[in-house]
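Some notes on the structure that comes next.
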Amino acid sequence: MSFHMKNAFARRAMQAASATLFAFMASVSHANWGGLNMPEGVSILSKKIYGLHMLILWVCVVLAVVVFGVMIYSLFKFRRSKGAEPDKTMVHSTKVEIVWTVIPILILVGMAVPIAKTLIEIEDMGEVGLNIKVTGYQWKWEYEYLNEDVSFFSTLDRQSNAARQLNSGIDPKSVEHYLLNVDNPLVIPAGVKIRFLLTAQDVIHAWWVPDFGMKKDAIPGYVNEIWVQVDADKVGTYRGQCAELCGQDHGFMPIVVEVKSPADFDAWLRAKQAEQKVAGSSPTAPATIASAAPATTVAQ
């Protein structure tokens, strides 16, 4: 194979590799292809985080293509077999050193600006429409709608709790949303900015709903806060779990959030207020999962 043919083959190989890489990244950016890309979520923050993720990803892709493209081109173009000689004048060139120092700084600063803006938005607790206090217990959650006279416990549903017992005779696959369902789901309105005040009664827990794009620890004696605003058209049910190892039944305290339209939420809230007014001013904590079911081994 002649030298010119080799050069042409190398160029075509580089072009094909670059086209394949960009096509692959484009497919991943538009769909969660094969589960390789992170989910976009349904809240304002999750979408901003997803957009930031895609921006930085594309910056890294462009940098990788440029840097490795120049490297591969240089390996073929200036190889010893072609008679190339090293350029000794560039080794101590002040101009070159300034350029390859300034350019990375500018790239990092350009990446830092949108990152800092997103971090500031994540911590902005202003203009909140609803405050909900979330308390983690071993192993359940308590939700208190502040200034609304509504509070209740949310525990693993009875079907999952029964199926998980050793020798229960129940096939876990027959249970809908096995270990991801609760008796009393949290209900929130769509299109409203909601602040969650997170704490714990006993050990450290973590409240996490992946579709909301937010996760934070619930620590005894300390109050953390996050905010969530689900898009108005994303009414539905979203599930999560405690994301902190909090004891032997850590895997049995799921989170279920029902997102309703503002009108449906108001109706639900009024009904819940009337229900709790009849039942009493404060909820009675249900028995812990461990005490309700002595055998805590999950059925296989």
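Might you check whether a residue that is modelled with pLDDT of 90 or more and polar (S, T, N, Q) occurs anywhere in region 79-100?
Looking through region 79-100, none of the residues is modelled with pLDDT of 90 or more and polar (S, T, N, Q).
Which of the residues belonging to region 51-63 are under 28 Å from residue 232 (Cβ atoms) and either more than 17 Å from the chain's Cα centre (by Cα) or modelled with pLDDT of 95 or more (or both)?
Of everything in region 51-63, nothing turns out to be under 28 Å from residue 232 (Cβ atoms) and either more than 17 Å from the chain's Cα centre (by Cα) or modelled with pLDDT of 95 or more (or both).
Would you check if there is a residue in region 53-60 being outside the structural domain of residue 241 (by TED's automatic domain parsing), at negative phi, among the β-branched types (Val, Ile, Thr) and not in a helix (DSSP H, G or I)? Spell out the reasoning first.
We begin by selecting, within region 53-60, every residue outside the structural domain of residue 241 (by TED's automatic domain parsing); these are 53-60.
Within this subset, residues satisfying the condition of being at negative phi are 53-60.
Of the ones still in play, those that are also among the β-branched types (Val, Ile, Thr) are 56, 59.
Then keep just the ones that are not in a helix (DSSP H, G or I); that gives none.
Taking every residue of region 53-60 in turn, none turns out to be outside the structural domain of residue 241 (by TED's automatic domain parsing), at negative phi, among the β-branched types (Val, Ile, Thr) and not in a helix (DSSP H, G or I).
Does residue 173 count as in the same structural domain as residue 204 (by TED's automatic domain parsing) and within 21 Å of residue 217 (Cα to Cα)?
Details: in the same structural domain as residue 204 (by TED's automatic domain parsing): yes; within 21 Å of residue 217 (Cα to Cα): no.
No, not satisfied.
I'd like to check something: does region 157-166 contain any residue that is free of Cβ contacts under 8 Å to residues at least 40 places away in the same chain, farther than 19 Å from residue 256 by Cβ and in the same structural domain as residue 240 (by TED's automatic domain parsing)?
no
Restricting the first residue to region 48-73 and requiring it to be touching a residue at least 12 places away in the same chain (Cβ under 8 Å) and under 19 Å from residue 115 (Cβ atoms), which pairs with a second residue that is in a helix (DSSP H, G or I) and not polar (S, T, N, Q) meet a Cβ separation below 7 Å and a spacing of at least six or different chains?
As it stands, the answer is 48/121; 52/114; 52/115; 55/114; 56/111; 59/111; 61/25, since those pairs meet every condition given.
Looking at 167, 161, which one is more than 25 Å from the chain's Cα centre (by Cα), at positive phi and modelled with pLDDT under 95?
On the way: 161 fails: at positive phi.
On inspection, the qualifying residue turns out to be 167.
Which of the numbered conditions does residue 248 fail, given that it passes all the others? Conditions: (1) of a type in the set (S, T, N, Q); (2) within 18 Å of residue 206 (Cβ to Cβ); (3) modelled with pLDDT of 95 or more.
(3)
What are the residue pairs meeting all of these: first residue in region 106-128, first residue closer than 15 Å to residue 43 by Cα, second residue part of a loop (DSSP other than H, G, I, E, B) and not polar (S, T, N, Q), Cβ atoms under 6 Å, and 6 or more apart or on different chains?
Listed by first residue and then by second, the contacts come to 128/193.
Against the condition modelled with pLDDT under 50, aliphatic (A, V, I, L, M), on the phi < 0 side of the Ramachandran plot and not in a loop (DSSP other than H, G, I, E, B), how does residue 267 come out, does it pass? I'd like the intermediate steps shown before the answer.
Values: modelled with pLDDT under 50: no; aliphatic (A, V, I, L, M): yes; on the phi < 0 side of the Ramachandran plot: yes; not in a loop (DSSP other than H, G, I, E, B): yes.
Taking the combined requirement at face value, the residue does not satisfy it.
Quick one: which of 239, 195 is touching a Leu at 6+ places or on another chain (Cβ under 6 Å) and in a strand (DSSP E or B)?
Values: 195 fails: touching a Leu at 6+ places or on another chain (Cβ under 6 Å).
Exactly one residue qualifies, and that residue is 239.
The values are calculated or read from the model by the stated rules, or taken from the named source; none is laboratory data. Note that this is a predicted model, so its numbers are computed, not measured. Cβ sites come from the backbone with ideal geometry, for glycine too, and all protein chains shown count toward neighbours.
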